[in-house]
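The values are calculated or read from the model by the stated rules, or taken from the named source; none is laboratory data. All of these numbers come straight from a predicted model, not from anything done at the bench. A quick note on method: Cβ atoms are made from the backbone with ideal geometry, for glycine too, and the neighbour counts reach across all protein chains shown.
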Amino acid sequence: MYRRTFALALAAGALAACAPQPFANPLSREMQANLRISRIDVVTTGAAFESSLAAGTASRLGSDLTGALRQEFADRLRPDGVVMSVEVARMNLAGSVRTAFGRDQSRLQGTVRLLGPGGGLLATYPVQVEAGAAAETRTGALARAAVTTADGLYRTLLRDFARATREQILGADLPGQRLLRRATAG
């Protein structure tokens, strides 16, 4: 009797794992498929820069993040599209030594909004990414600190923020889809 109950519970769990998950994106699948972006605006005014390294990037963060988003959405940029408005809420940029020894981690947090042609809100997405992880050993931490730079962590935050934004808006890429998109983007 216990085997039968266990087998039924196992089968029910397997079926639940295969069932389609609820669609949580505010855009319909049709809107996702046809999404075109005319402009990307990044606002850093009012952002909390939580470290001196992060504050040092304040003047270039807006243009650098715009560039990363333009690269990630290059296949969706058209003059007749919607406006992507990004508001950066906070940024922490940790040094390589602090990151390697697990004392700090780099983070970028913001809100992405898609605005229709008339300025109406179509969708809102909170985005937060982290970069850098502590090494498992002291030797590993020393080696990682020697090869990791704060600028490298900064570029990783920008790239990961752009990717996370694309995944939230359009869904995850299929295997090889990102490479194909990059190769055909010109």
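When only residues in the range 1-32 that are surrounded by 10 or more Cβ atoms within 10 Å (Cβ to Cβ) and closer than 30 Å to ARG78 by Cα count, which is modelled with the lowest pLDDT?
Ranking the candidates gives PHE23 first.
Here's the yes/no breakdown for (1) of a type in the set (A, V, I, L, M, F, W, C); (2) not in a helix (DSSP H, G or I):
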| position | (1), (2) |
| --- | --- |
| LEU61 | yes, no |
| ASP64 | no, no |
| ARG70 | no, no |
| VAL83 | yes, yes |
| VAL88 | yes, yes |
| ARG113 | no, yes |
